Amino acid sequence: MRTVQLLIPVQDEDFIKTLRYKVAYVSSEIRDIEDDGSTLSFKVPSARADETEAIVKRMMEEMKGGYRDVPQEIRFKQQNPLAYPTYDVYEALVDQQWVVPYEQGLVGFGKQFLKMYQALDHLIVHWSNRYQAAEYIYPDLIGIDTLNQYDYVSQFPNHLMFASHLREDIDLIQTFSREAADGCDCYHSEYIAEPRLVNKLAVCPHVFKQYEGRIIDLKEPIIVTSVGKCKRYESVNMNRVERLLDFSMREIVIIGSHEQVLQVREEWIELVQQLIQSIQVETNIKTGNDPFFTNEYSPKAMLQQKLKLKYELNLYLPYNKKELSVGSFNYHGTHFAESFSIEAVDGRNVHTGCIAFGLERFVYGILAQIGLERAEEMIERITSCMAIRT
């Protein structure tokens with residue numbers, strides 16, 4: 001293996017975060033992507049190093065060409081008043097079987113990790129009930145045609161985890177069975193039907209599909225909450241519990257007028273700020289953007305920042321001195337309502353938004369700061385936040 005080191009052309013936190021994210025998809029052979037704020041480094045087999053370096057250099061120049069400096073708005077910031085753990089929290093979680101790792105990006109979890117996960121989710125549902133949110137459970141799969149209705153496939157193709165099955169052909173199925181029994185590599189398109197479904201990547205698209213073609217009354221916003229398993233392929237970025245292939249997301253989805261959606265979003269930001277103040281972890285809430293994959297979508301990311309369409313809840317990870325996004329507060333404008341033909345009785349534009357929390361990430365971010373010893377105390381603090389009101 002050879003270590004490639006490249007100067008980062010734009011000294012900006014979001015630029016570097018997006019660069020690290022994209023480099024993982026340049027080659028399946030890339031390993032150990034790191035940065036020190038000015039230099040990017042990664043490992044790649046020596047025979048491919050020059051070619052891979054050239055590709056990454058070109059990608060950085062393309063990103064630089066589309067980059068626009070949009071200052072972040074920091075809505076909220078809090079320091080952790082206590083000392084951080086001096087041991088590797090992830091290794092301790094695995095050793096105590098609070099977290100059980102399987103293949104890359106797949107973990108199980110139990111014990112106090114599960115208890116904190118449940119406490120956070122119960123708290124979010126409790127707050128959702130104040131809005132009389134309807135709770136639903138949605139399928140783990142979603143149609144590719146549905147994703148195309150709002151342009152997800154073209155904007156985030158790298159995340160897709162396709163779901164398919166063997167083709168309906170008895171001879172082919174029997175051949176597959178024999179080859180699989182012999183240990184042959186037969187998991188390819190000759191046997192597998194063209195996929196029509198993918199594993200869901202977020203919860204809210206199912207909500208918008210649910211209300212497709214509906215004419216709604218904007219006297220009160222429609223609010224739905226759901227928790228579900230989501231799958232996003234993130235290559236070598238899948239690490240510890242920071243980025244998982246299979247993870248749980250709790251969302252609160254709002255369908256209403258422009259004013260209603262922004263008001264509900266603002267109230268949830270205030271609720272979460274009070275939670276963070278109660279549990280005393282190092283956190284910020286600031287403007288962010290989605291990791292649009294192709295270069296033509298760079299202007300969309302900049303627009304998200306400029307118009308403050310997305311605020312992210314970030315927890316500090318002491319072991320690598322980086323931030324981990326564990327939640328977001330999103331305003332979609334009319335994009336989803338138009339994509340799914342959701343209209344208002346009085347002819348006004350319908351707007352949407354969502355608040356989303358990655359539950360495993362949230363728990364991991366807290367434990368990374370407090371260690372395993374204070375887990376029970378933290379669970380009690382989270383539970384006591386049921387009393388918080390906006």
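Just so it is clear, none of the values below were taken in a lab; they were calculated from the coordinates. What you see is a predicted model, and the numbers here were worked out from it, not measured in a lab. No Cβ is skipped: glycine too gets one built from the backbone with ideal geometry, and neighbour counts run over all protein chains shown.
What the table below lists for this structure:
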read-out: Sequence-distant residues sharing a close amide H with L106 (under 5 Å, placed H); value: L245
read-out: Lysines whose Cα lies under 20 Å from that of K64, excluding same-chain neighbours fewer than 8 positions away; value: K17, K22, K300, K306
read-out: Fewest-first sequence of M63, M378 by Cβ atoms within 10 Å of each Cβ; value: M63, M378
read-out: Exposed-site-free run, longest, the chain (rule: GluC sites (Glu not before Pro); DSSP loop; at most 10 other C-beta within 10 Å); value: 191-372
read-out: For the chain, convex hull volume per residue from C-alpha positions, Å³; value: 165
read-out: Debye log10 I(q)/I(0) for segment 94-138, one point scatterer per Cα, at q = 0.14, 0.15, 0.30 Å⁻¹; value: -0.50, -0.55, -0.99
read-out: Sorted by Cβ neighbour density within 10 Å, fewest at the top, the residues R48, R389; value: R389, R48
read-out: For the chain, calculated [θ]222 nm from helices alone, where every DSSP H run of n ≥ 4 adds -39500 (n - 2.57); value: -11000 deg cm²/dmol
read-out: Within a Gaussian network of the chain (alpha carbon springs, distance under 10 Å), most fluctuating of L372, L160, L82; value: L82
read-out: HN-Hα J in Hz across segment 70-75 - Karplus 6.51, -1.76, 1.60, θ = phi - 60°, x for Gly and Pro; value: 10, x, 6, 9, 9, 6
read-out: Choice from D121, D346, D14 showing the highest fluctuation, given a GNM over the chain with Cα pairs closer than 10 Å; value: D346
read-out: D (Stokes-Einstein, µm²/s), Kirkwood Cα radius, segment 2-66, 0.692 mPa s at 37 °C; value: 281
read-out: Positive-end extreme of charge dipole, the chain - chosen from L201, S164, A49 (charges on Cβ); value: L201
